[in-house]
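Written out below as C-alpha cells is the structure these notes cover.
The values are calculated or read from the model by the stated rules, or taken from the named source; none is laboratory data. Small disclaimer: the values here were computed from a predicted structure and weren't measured. With ideal geometry, Cβ positions are generated from the backbone for all residues, glycine too; neighbour counts draw on all protein chains shown. Surface accessibility is based on the protein's heavy atoms, side chains included, excluding ligands, DNA and RNA. Shrake-Rupley method; radii C 1.70, N 1.55, O 1.52, S 1.80 Å.
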Amino acid sequence: DSWTTLDSNCKIQSGWVNLKRVNISYCSHLTELSMAFTSSSIEELYLSNTSSITNISNMCEGASSLKMVPYIEDVSSITSCLSTFKDCVNVESGIVNMYNRLSALPALSEVYYHSNCFNNCGSNTTTGAAELAQIPSDWK
C-alpha cells in the first residue's frame, strides 16, 4: 500500500476512511490534529514538521489498525493530548517513547491535559500491553 501524503494545503478531515499510511511532513502551518486520524483503517503515520501543533487530543482515538504510536518529530508546542491514542488496541510499540516525550512537557503536567491519552492502547498485543503497563494510570 502506498502512502497518502498531504500537500502544503494540509486539509485534515476528521473521519477519513480507507487510508492506511499517512505522511504529513509538508504541513508546517498545522496547529491542531484533533480527531484527524480516527479511521480504523490507518496503520502507520509519519508526522514531521510539527513544531506548531498544539492540540493532538483524540488524534488517533479508535484507530484500531494502528500498529505503532507515531513518532511526532517536535512535541514542544503540544498543550493537550486527551484520549490521543485511546482504543488503538493493536499498537505494538511506541507507547513508552511517546509517553516519555509528552510527560516531560510542563504544559501537560496536569491530568486534565493528558487524561486517557493511552487508554487501552496496545491492549490486544503482547508488546503493546507490556508497554502500556509502564504508563502511569492518570495517562490511561
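Couple of notes before you dig in:
- Within segment 68-101, the only residue that satisfies the criterion of being under 9 Å from the mean Cα position of the chain (by Cα), within 16 Å of Asn116 (Cα to Cα) and outside any loop (DSSP other than H, G, I, E, B) is Met98.
- All positions within segment 38-73 that are within 16 Å of Lys20 (Cβ to Cβ) and not hydrophobic (A, V, I, L, M, F, W, C): Thr38, Ser39, Ser40, Ser41, Glu43, Glu44, Tyr46, Gly62, Ser64, Ser65, Lys67, Pro70
- Unmet requirement for Glu73, which otherwise passes all of (1) more than 18 Å from Trp139 (Cα to Cα); (2) among the acidic types (Asp, Glu); (3) at pLDDT 90 or above: (3)
- Filter result for Ser65 (at pLDDT 70 or above, part of a loop (DSSP other than H, G, I, E, B) and open to solvent by 30 Å² or more (accessible area, probe 1.4 Å)): yes
- With respect to the conditions (1) part of a loop (DSSP other than H, G, I, E, B); (2) touching a Phe, Trp or Tyr at 6+ places or on another chain (Cβ under 8 Å); (3) not β-branched (Val, Ile, Thr), Ala107 lacks only one, and its number is (1).
- Residue match in segment 84-103 (condition: farther than 20 Å from Lys20 by Cβ, at pLDDT 90 or above, open to solvent by 50 Å² or more (accessible area, probe 1.4 Å) and in contact with a helix residue (DSSP H, G or I) (Cβ under 8 Å, 6 or more places away or on another chain)): no
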